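These notes concern the structure reproduced below.
Every read-out reported here was derived from the displayed coordinates using simple, explicitly stated rules and does not represent laboratory data. A quick note: this is a predicted structure, and the numbers were derived from the prediction, not measured. Virtual Cβ from ideal backbone geometry, glycine too; neighbours counted across all protein chains shown.
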Amino acid sequence: MAVTTRISGIGGGGQPTTRTVAPDLRAQKSWRRTKSGIMQWLMGASIVVALLPVIFVVITVIGKGASSVFTGFPKFLTAAIPNQERKIGPGMGPAVVGTLLITALATAIAVPLGILGAVYLHEYGGRSPFAKVVRFLSNVMTGVPSIVMGLFIYVIFTLNFGYSGLGGALALAFLMLPIIIRSVEVMLKLVPTSLREASYALGTSKSRTVLTVVLPSALPGVISGCLLAVARAAGETAPLLFTIFTVNQTNRNVFSGANTTLSRQIFSNALSSLSGAQGRAWGAALTLLAIAFLFTIIARIASARFSAKR
Amino acid sequence: MTTECDQKASMSDQESITNFTVPAVAEETVAPLSDRGETVFALEDVSVFYSAFKAVREVNIGVRANEITAFIGPSGCGKSTVLRCLNRMNDLIPGARVEGKVYFYGTDLYGSDVSATEVRRHIGMVFQKPNPFPKSIYDNVAFGPRVNGVKKKDELDHLVEKSLKGAALWDEVKDRLKTSALGMSGGQQQRLCIARAIAVEPSVILMDEPCSALDPIATARIEDLMREIKSRFTIVIVTHNMQQAARVSDRTAFFTTEINPASDRRTGVLVEYAPTKQIFSHPSDIRTEQYVTGRFG
């Protein structure tokens, strides 16, 4: 595209002259602009299409579950699960307790192991053959179906120790682990080497550098990665089928005895044809959604407060 | 400000240190230096390899205490590589290997029982691009002392203040010690990095092109700072800026590259090492003369 245009001509006296003409800077009609407009429209449309299912789910769950949860508000979250499915009314108390306890235990197992694993892979393992194997295996683990993981824990743990919240937590923890390892490793890669060099140049050992410089710098990303994993775990149903069985009473002891969670209850209640049970299932779904939302907010606040100063 | 440098330089004009130009034969011992100013670093036939590639060959140099020694030379001649040997930062590069001996007050830094972490506690480093931690100003400066075990708040407060004053930064930041270090200008960040390095009370501070990312005024402040702290530390600075080396250093080492006939790659080599005045007025080697007069590089 010419920047300036020179116009040649013959001026007075017979000498050839050139004079410069200012270029036309108005937007030019062209196929490229049209194409750009089409692509922008397409991108906007695809965002809407991607958001539609999420919005639809949220609206449906709120619509159908609101009546169960909000009539006599806290009652739904604390009342016992009726033993007779046909009974209409609250609650899901034992399931709420179960979800919170088992997810918390799974997080307590998976997060430290996952972070340590990622730190090993990135800071210490590097390219060694062992690190390559670990990395490969943890990538494979992300693809393991959750029901298979449940069966695995069933065979090695539940058959020996009986149903318990711990078994469920173990199954969930192994599902969370590869997600945490992969995302934390990526976050560690994003911490610039210059920060590590600065720390080493002060005479800091490698472990202390990781603990006091690298991890705090990567903290917001680490928290997001763990949150993603917790979100996956909180909603899992299949691995819990074999490991916690199901009960309708609150079991606060995660280490022994069968337990129940919201996801488990949704599974059994939604299958029922009785409106009482179905009402409770929708209520449980709304509760689960709200708990996940709450976790997200808490994690964002924690990440903002404890993260390295920007 | 320049008189001290001038005096030292003119006195040692007499003993031009010719046995530190490129030796044809490796020498058994480091040649004796004058008694004025003890030797902090003595490098004997130091070569640095990155895997199979010889980056720098056979450097023999002696750095004196409480002086500013400058490494100058064109790009790729190994100045930063040699500097990083002095505090074992090359250990962090996979495949890097150092041959020859690096003596620090008589101890071989690459000896089998020497811990790199301990080495770096005594030999600090300031990098080209300021790299403060994403923490508060206070936490940045207190980081080193905390690693060394200082826990009491008043001790830390005192150390932080002393280091920031030593880096000529205290007055500017004393009211906002708890704010993020990343909110400062580039020149301030670099002075913070210097304060951070001073806080662990090393004997040597290595500076790898510390002013190349800064504007001229910030550069001038840091050069003033270097002259101020010279009495407490030994400073070795790598710089692309010849005028800076002429302004600031007592002794200058000129490096250049040679084409290695075997591999057709360039290897760094130390050409001349002498008091700064001599390098810039009567250099012994033709390559040095061409570089400092601007004919190449």
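Computed about its Cα centre, the charge dipole of chain B is approximately 1020 debye, with only Lys, Arg, Asp and Glu carrying charge at their Cβ. Pairs of Cα atoms nearer than 8 Å and 6+ residues apart set the relative contact order; for chain B it is 26 percent. Considering only beta bridges that DSSP places wholly inside chain B, some 60 percent are antiparallel. Dividing the mean sequence gap of close Cα pairs (under 8 Å, 6+ apart) by how many residues the range A:25-117 holds gives a relative contact order of 14 percent. Scanning chain B for DSSP H helices at least 15 Å long along the axis (C-alpha atoms) with a Kyte-Doolittle mean no lower than -0.5 picks out B:137-147, B:186-199, B:216-229.
Cross-link pairs exceeding 31 Å in C-alpha to C-alpha distance, out of B:K79/B:K151; B:K101/B:K162; A:K206/B:K165, comprise B:K79/B:K151; B:K101/B:K162.
The gain in end-to-end length when the A:A27 to A:A292 segment is fully stretched comes to 90.6 nm, 0.36 nm per residue minus the alpha carbon separation. With each label modelled as a point 7 angstrom along the Cα→C-beta vector, the A:S273-A:A104 pair spans 4.1 nm.
Of interest is the spacing of the C-alpha centroids, which for the range B:161-196 and the range A:238-310 amounts to 50 Å. Screening chain A for DSSP H helices whose Cα atoms reach 24 Å or more along their own axis and whose mean Kyte hydropathy is at least 0.0 gives A:31-70, A:93-119, A:165-190, A:215-234, A:275-306.
Per-residue Karplus couplings for the range B:100-108, computed as 6.51 cos²θ - 1.76 cosθ + 1.60 with θ equal to phi - 60°, are listed in order as x, 10, 10, 9, 10, 6, x, 9, 6 Hz, Gly and Pro entered as x.
Using the Cβ of B:P210 as centre and a radius below 12 Å, the other residues enclosed give a net charge of 0, where K and R count +1 and D and E count -1. Please return the longest range in chain B lying between exposed loop sites, taking chymotrypsin sites (Phe, Trp or Tyr not before Pro), DSSP loop only, at most 14 other beta-carbon atoms within 10 Å, and leaving the sites out. Between exposed loop sites, the widest span is B:106-295.
The residue among A:N259, A:I297, A:A277 whose Cα reaches farthest toward the positive pole of the charge dipole of the range A:95-306, with charges on the beta-carbon of Lys, Arg, Asp and Glu, is A:I297.
The Cα center of the range A:143-219 and the Cα center of the range A:19-68 differ in position by 37 Å. Dipole orientation for the range A:95-306: of the candidates A:S207, A:G143, A:I153, A:S207 has the Cα lying most toward the positive pole (charges on Cβ; Lys, Arg +1; Asp, Glu -1). Taking the number of Cβ atoms within 10 Å of each Cβ as an exposure proxy, the fewest-first ranking of B:H158, B:H240 is B:H158, B:H240.
Once Lys and Arg get +1 and Asp and Glu get -1 on their Cβ, which of B:S47, B:Q290, B:L225 lies farthest toward the positive end of the dipole of chain B? Farthest towards the positive pole: B:L225. Electrostatic bookkeeping for A:I81 treats Lys and Arg as +1 and Asp and Glu as -1; over the other residues with beta carbon under 12 Å from its beta carbon, the sum is +2. Applying a DSSP loop filter and a limit of 10 other Cβ atoms within 10 Å to the trypsin sites (Lys or Arg not before Pro) in the range A:226-277 leaves nothing. Using C-alpha pairs below 8 Å separated by at least 6 residues, the relative contact order for chain A is 24 percent.
Hydrodynamic analysis of the protein assembly as shown uses the Kirkwood radius over alpha carbon pairs. Inserted into Stokes-Einstein at 4 °C and 1.567 mPa s, it gives a translational diffusion coefficient of 43 µm²/s. In the protein assembly as shown, the DSSP beta bridges split such that about 65 percent are antiparallel, to the nearest 5. Shielding value for B:228-239 is 0, the average number of Cβ atoms from other chains within 10 Å of each residue's Cβ. Taking packing as the residue-averaged number of other Cβ atoms within 10 angstrom, the listed peptides A:291-299, A:150-158 run from highest to lowest as A:150-158, A:291-299. Here, the range A:45-192 is characterised by an Rg to Rh ratio of 1.09, where Rg is the alpha-carbon radius of gyration and Rh the Kirkwood radius. Computed over the Cα atoms of the range A:60-99, the ratio of the radius of gyration to the Kirkwood radius (Rg/Rh) comes to 0.97. Close amide-amide hydrogen proximity is noted between B:R64 and B:V40, each under 5 Å apart and 5 or more residues distant or on a separate chain (H modeled in the peptide plane; Pro and chain starts excluded).
Counting only Cβ charges, +1 for Lys and Arg and -1 for Asp and Glu, the dipole size of the protein assembly as shown around its Cα centre is about 3200 debye. Projecting label points 7 angstrom from Cα along Cα→Cβ for A:K35 and A:K87 puts them 6.8 nm apart. Residue by residue along A:202-213, Cβ atoms of other protein chains within 10 Å of the local Cβ number 5 on average. When only the Cβ of Lys, Arg, Asp and Glu is charged (+1, +1, -1, -1), the dipole of the range A:95-306 relative to its Cα centre reaches about 280 debye. Once backbone amide H atoms are built at 1.01 Å from N, B:M125 has B:L206 as its partners under 5 Å, excluding neighbours fewer than 5 places away on the same chain. Take each residue in A:190-201, count the other chain C-beta atoms within 10 Å of its C-beta, and the mean is 6. Between the alpha-carbon centres of the range B:44-112 and the range A:81-126 there is a gap of 53 Å. Among residues other than B:S112 with Cβ under 14 Å from its Cβ, the summed charge is -2 (Lys and Arg +1, Asp and Glu -1).
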